[in-house]
Amino acid sequence: MNHPTEHPAQLTESAGLDTEAMPVSLYTDPAQYEIERERIFRRAWLMAGRVERIPNRGDFFVKDIAMLKTSVIVTHSEDGEIRAFHNVCAHRANIVEHRSSGNTKRFVCRYHSWSYNNSGDLSHVPDEPGFFHLNKKKCGLTPVTVALWEGWVFINMAPTPEVSLKEFLGPMADALAGIEYPNPDHALVLRGEFRANWKAVAENFSEAYHISSIHPKTLGPIYAGPLNPFSRPISANVYGAHRSMSTWLNPAAAPFANAKVAQWLFTADHSVTGTRKDGQTNPLVEHKGINPTKSDRWASDVNWFFPNWHLQISANQFWTHEFWPTSATSTIWEARFYFRKAQTVRERLQHEHFTSHITDTMLEDLGNIESMQRGMESGAKPFIHFNESEILCRHGLEQVIKWSAATTARDALT
Ligand code: FES
Ligand SMILES: [Fe+2]
């Protein structure tokens, strides 16, 4: 078994990527943001949430997409279909649903009480005879194209998507097909707005190079050690527009001193040999697309789906990061850590303790992401440099450049 410090892999070049410095203007130029709005976010398939968020008929959640100046209602309709709609009334275009989630048979616009069923049809208009030439059949909520992959709900904001979800996901979907996600119905959610470009925020969660520098006490002992002081990745793969990386686990990593309370992501039941403490096999560590080199020093995988979604997986659990631009220089970050619901007071406390730990690390990230953005905006540095450990950042930026230049999604994918 080759380990990173013994035999540093040529990840970037073997993935066919450039090794040049990259332009800062991609993070700061308002014109670039406009291009990304039209050519990336209005064209790519965007992951909106898991189906377990809407298990019953009538369940819905609302996804704000500030960059496209809209919000989308994702519903589990009365007929069992998952549908998505622009959250805009046909009467005078007010916002219809102001809750972020719930269960309802009717979406009622509060301005004049036009109401829609959860399949999006206009069902009631107060004082209907007072209107002129109103065709109720044409006044439903405007549909947004929705498609499912492995329990993940994707939406596409183009009036007609240029490529199917399957074409868009391409080899990434093949690599990660058939994962049995543990506890997909219960997530701890962290959310905040960062004063930084969405790519800068996403990049932070896709490289481990910064860990020993800014998280020496929280994540450092897990991801770095004498054998791999700079947390070089074990492996990386590019899959069309998407990308994956396996991060290294310090074999000397001990649970935190107070781990009797907090079981950390990678230490509870951790074994990369495929068996858990209870002797059961672990379908996550056996999956061919997870820790694909089957390294015995594996911590977790980052799977970065273009453009703005990370699916991260360790031997014990999975968690996601979403990055939703609100302007060229601000981003809503939403992380979901999937746990089983606490069954005991002890587990409840473990979750709270985990939340405190993860919040500490996020604050360490937050300060650096925002100060990096300020530095970029100073104009002092026209270029930035990515190393081997930052291969996902580089591939992400290369894809942004490619999609920004391509006149069709199909061109961008080839
Ligand atoms: S704008 Fe929705 S009912 Fe009038
Ligand atoms: Fe970090």
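Rule-based calculations on the coordinates, nothing more; no lab input. Computed from a predicted model, the values in this text were never measured in an experiment. Please note: Cβ atoms are built from the backbone with ideal geometry, for glycine as well, and neighbour counts cover all protein chains shown.
What order do you get for 295-306, 363-374 when each peptide is scored by the mean count of other beta carbon atoms within 10 Å, highest first?
Values: 295-306: 22.8, 363-374: 16.2.
Highest-to-lowest ranking by the protection proxy: 295-306, 363-374.
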Review point. Which residue, Asp127, Asp174, Asp79, has the most motion in a Gaussian network model of the chain that connects Cα atoms within less than 10 Å?
Key: Asp127
Review point. If one computes P(r) from the Cα atoms of the chain, what percent of pairs lie at distances over 27 Å?
Key: 54
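Multiply the residue gap between Lys69 and Ser14 by 0.36 nm, knock off their C-alpha separation, and tell me the result in nm, one decimal place. Display every interim value, and only then the final one.
On the way: separation 55, 0.36 × 55 = 19.80 nm, distance 3.98 nm.
My answer for the length gained is 15.8 nm.
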Study note, to complete from the structure: Ranked by GNM mean-square fluctuation in the chain (Cα springs under 10 Å), the top entry among Ser314, Ser113, Ser212 is Ser113
Practice item. May I ask you to evaluate 6.51 cos²θ - 1.76 cosθ + 1.60, the Karplus curve with θ = phi - 60°, for each residue of the stretch 129-146 and list the ³J(HN,Hα) values in order in whole Hz, giving x for glycine and proline? Key: x, x, 8, 10, 6, 7, 9, 4, 4, 8, 10, x, 5, 6, x, 10, 5, 10
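Could you work out [θ]222 nm for the chain from helices alone, using -39500 (n - 2.57) per DSSP H run of at least four and dividing by all its residues? Round to the nearest 500 deg cm²/dmol.
Values: 12 runs with 97 residues, N = 414.
Calculated at 222 nm, the ellipticity per residue is -6500 deg cm²/dmol.
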Check your understanding: Roughly how tilted is helix 345-377, in degrees to the nearest 10 and between 0 and 90, from the longest Cα axis of the chain?
Key -> 90
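Taking only the C-alpha atoms, wrap a convex hull around the stretch 45-161 and report its volume per residue in Å³ as a whole number. If you can, show how the numbers build up before the last one.
Numbers: hull volume 12.1 nm³, N = 117.
Given the Cα convex hull of the stretch 45-161, per-residue volume reads 103 Å³.
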